[in-house]
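Peer 1: After the structure tokens below, expect a handful of questions from me.
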Amino acid sequence: MTGSTTGSAATLESNAAISTTRLAIETHELRKEFGRIVALAGLTMTVAQGEVFGFLGPNGAGKTTAVKLLLGLSRPTAGGGRVMGAPLGDVPARRRIGYLPELFRYQGWMTAREVLALHCELARLPQVEWAPEIRATLELVGLGDRADWRTETFSKGMQQRLGLAVALLGRPELVVLDEPTSALDPVGRQDVRGIIRVLRNRGTTVFLNSHLLTEVERVCDRVAIVDRGRVVAELSMADLTRERGVSVLVTGLDGGGMEVAARFGPARADGEWLFVDRIPDSAVPELVGELVSLGGAIHAVVPTHQTLEERFLSLLGAAPETSDEDAPVASPEARS
Amino acid sequence: MSSVESILILARLTLREAARRRLLWALVGLTALIVVLTWWAFSRISEVSPITGPVQTLGVSQVTVMLAFMFSFVLAMTAVFAGSPAIGPDIENGLLLAMLARPIRRSEVMLGRWLGLAVVLIGYALVAGYLELGAVVLATGYAPADPLTAPLYLAGEALVLLTLAIVLSTRVASVAGGAIAVVGYGLAWMAGVMGGVGDVFNNDVLRWAGTVAKLILPSDVLWLGSAAALTPTDAVLRGGGLAEPDLYKFSPFSGVAPGLPWLAYCVIWVVGAMTLGSFLLRRREL
């Protein structure tokens, strides 16, 4: 993705790589106004085919507007773009796209199987494929035993699972998910993460619009952060995890460790915790050794990296919350 | 996917919904009830009426037109209540979002909805209309001048109002759209009466007011066609004591067959209104 703000050198490298790959989505200065309100101020981005791409932003940032523009459900005021190689709004290109809207609802008088059959028909799947495709998709989203229930009897979470099934029907090349876990419990969210991984393994491009940062962090390859209708940052999750740090719980130095820690990277102290950012893994034993040589007693050494949430909040100008309890563990080392 | 295929998918969906939501069955049940009541009521006329013979026949003819007018009102309301929630609520509750992300155009959704509801309405108008007129013939032996054409005009009137309601539903909330369509229907009918009075008394202002109203909403054109088809024959009128059958035009139950230009205008109006509706829906933010 290329946004209005560039990221690290590694991101530039990944952008260069994308420019040579086939693109699922590309937009150029996409703008949408509703009267005097500017919902999207000029979105420029690319998403490579096969990528799981997170589209993040606070409420009102223009995320859903951008999704509707990409799918041709809304017309841009200015700018343009291509989705699956076709201009925005191209009707035939929609055969290759699956979409779960943020505001989802399906014909309440139909069963789940009938809703999917309708979408098979609308997507012009060959009729011989309908039954196995519907069965497989319902199984995938965990509604295999509810196929013949009328959807008006579904809970909101089940409706969202049905919406996911509708989006996945016919194995589209691009799946656009707009807040796909908003109505789901933790088990449902885990299921959705699993489904997104299945899609990634299939080579499907996933455009995940969400404000649930932990969800995005766990499944996405790259993210764009939008605010007030513009991309304010782009980063790959690899970049994020590469920017490592370490948290050390040390006593007996009376603050004397800061000078040592600062030699290894940007450092700060919070009580008896010392935080050192951008320190290479290989330098951590040396840091610990110097702290011990100063008379410090080491109680814990926790490798960390900046979380997506921390980066997100810093980009949007909001300070991340910290506390003694969550400071070291708020930075999960590995994606699940 | 061709446009025709897409429209037919939506039309079938609409028909299935009408059946599943029991609209069709409600119409079938009500039709059966009304036909039986019509037969019973007209059977009773000859028993309870002190008037007999040709005068009674003239009376039956007038009750028949009145019955048709009431049926046209029921049809109009059915068209409005079926058409006004056809598009708007599906946009507001998000149902259309997932569908329109498929390879289908908004205009095809609208045309499909219109076609499905039109099939329901036309079927209802024709089946119920012919059965009711059949019940009148069976109970009294009286047949109006052109009983086969009258239900066709009634179906056309319902189609015009369905079109109005669906076009409104692309932009206006269903309650408001329904109210506007009902008021429009009432105003068109009243303007038609005014135009008729203008014709009878050769008053250009009233005549032009009626014509303008018909151009804006031609539902009354088709109602008057139905009334004309149900006009008693000259023999019935003379038998009832009307020495000069032309004087029947002064009756509030009289009508005028619209003629080909007006019928063509009705078709153009429907096509034009649907084109406008398609444009409005295309411009609407989802």
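Read-outs: derived from the displayed coordinates by stated rules, not from any lab. The shown structure was predicted, so the numbers you read here are calculated from the model rather than taken from an experiment. Note that we place each Cβ from the backbone using ideal geometry, even for glycine, and neighbour counts take in every protein chain shown.
Peer 1: FRET efficiency for B:D246 and B:V271, Cβ-Cβ distance as r, R0 = 35 Å, nearest 0.05?
Peer 2: That gives a FRET efficiency of 0.45.
Peer 1: Once R0 is set to 25 Å, what does the formula 1/(1 + (r/R0)^6) return for the Cβ-Cβ distance between B:V200 and B:S49, expressed as a FRET efficiency to the nearest 0.05?
Peer 2: 0.30
Peer 1: Can you give me the distance in nm between label points at B:A19 and B:A235, each placed 7 Å from the Cα along the Cα-to-Cβ direction?
Peer 2: Result: 4.4 nm between the two label points.
Peer 1: Name the long-range amide H neighbours of A:D270: under 5 Å, sequence gap of 5 or more, or other chain; modelled H, no Pro or chain starts.
Peer 2: Hits under the 5 Å cutoff: A:F275.
Peer 1: Run the simple label-point estimate for B:V28 and A:A269 please: 7 Å along Cα→C-beta, distance reported in nm.
Peer 2: 8.5
Peer 1: If you don't mind, another one. Mean separation of Cα pairs under 8 Å and 6+ residues apart, divided by the residue count of chain B: what relative contact order is that in percent?
Peer 2: Relative contact order of chain B: 26 percent.
Peer 1: Sticking with this structure for a sec: Per-residue HN-Hα couplings for region A:203-210, Karplus 6.51 cos²θ - 1.76 cosθ + 1.60 at θ = phi - 60°, whole Hz, x for Gly and Pro?
Peer 2: After applying 6.51 cos²θ - 1.76 cosθ + 1.60, I find x, 6, 7, 10, 10, 9, 9, 7 Hz.
Peer 1: So what's the convex hull volume per residue for the Cα atoms of chain A, in Å³?
Peer 2: 147
Peer 1: Provide the net charge surrounding A:L56, with neighbours chosen by a C-beta distance below 12 Å and charges set as Lys +1, Arg +1, Asp -1, Glu -1.
Peer 2: Charge balance near A:L56 sits at -3.
Peer 1: Who wins for biggest fluctuation among B:A128, B:A143, B:A209 in a Gaussian network model of chain B, springs between alpha carbons below 10 Å?
Peer 2: Fluctuation is largest for B:A209.
Peer 1: On full extension of the chain, what length is gained from B:Q62 through B:A41, given 0.36 nm per residue of separation minus the C-alpha to C-alpha distance?
Peer 2: Full extension of this stretch gives 6.2 nm more.
Peer 1: At 1.306 mPa s and 10 °C, plugging the Kirkwood radius over alpha-carbon pairs of region B:146-214 into Stokes-Einstein gives what diffusion coefficient in µm²/s?
Peer 2: Reported coefficient: 118 µm²/s.
Peer 1: Please find, in a Gaussian network model of chain A (springs between Cα atoms separated by less than 10 Å), the residue of A:G81, A:G295, A:G72 whose mean-square fluctuation is greatest.
Peer 2: Top of the fluctuation ranking is A:G295.
Peer 1: Label-point separation (nm) for B:E5 and A:A183, each offset 7 Å from Cα along Cα-to-Cβ?
Peer 2: The answer from the label model is 3.0 nm.
Peer 1: Now, a different point. Give me D for region B:3-283 in µm² s⁻¹, whole number, from Stokes-Einstein with Rh from the Kirkwood sum over alpha-carbon pairs, 37 °C and 0.692 mPa s.
Peer 2: 165
Peer 1: A follow-up question, please. Name the long-range amide H neighbours of A:T304: under 5 Å, sequence gap of 5 or more, or other chain; modelled H, no Pro or chain starts.
Peer 2: A:G245, A:V246, A:S247
Peer 1: Ok, one more. Please get the size of the charge dipole for the protein assembly as shown, origin at its Cα centre, with Cβ charges of +1 on Lys and Arg and -1 on Asp and Glu, quoted in debye to the nearest 20.
Peer 2: Dipole size: approximately 1780 debye.
Peer 1: Once amide H atoms are built 1.01 Å from N in the peptide plane, which residues 5 or more positions from B:T231, or in another chain, come under 5 Å H to H?
Peer 2: Sorted by chain and number, the residues that satisfy this are B:A145, B:D146.
Peer 1: Sticking with this one: For the protein assembly as shown, place one equal point scatterer on every Cα, skip the solvent, and apply the Debye formula. What is log10 of I(q)/I(0) at q = 0.05, 0.06, 0.07 Å⁻¹?
Peer 2: -0.37, -0.49, -0.61
Peer 1: With +1 on each Lys and Arg Cβ and -1 on each Asp and Glu Cβ, and nothing else charged, work out how big the dipole of chain B is about its Cα centre, in Debye to the nearest 20.
Peer 2: Around 1040 debye, computed over chain B.
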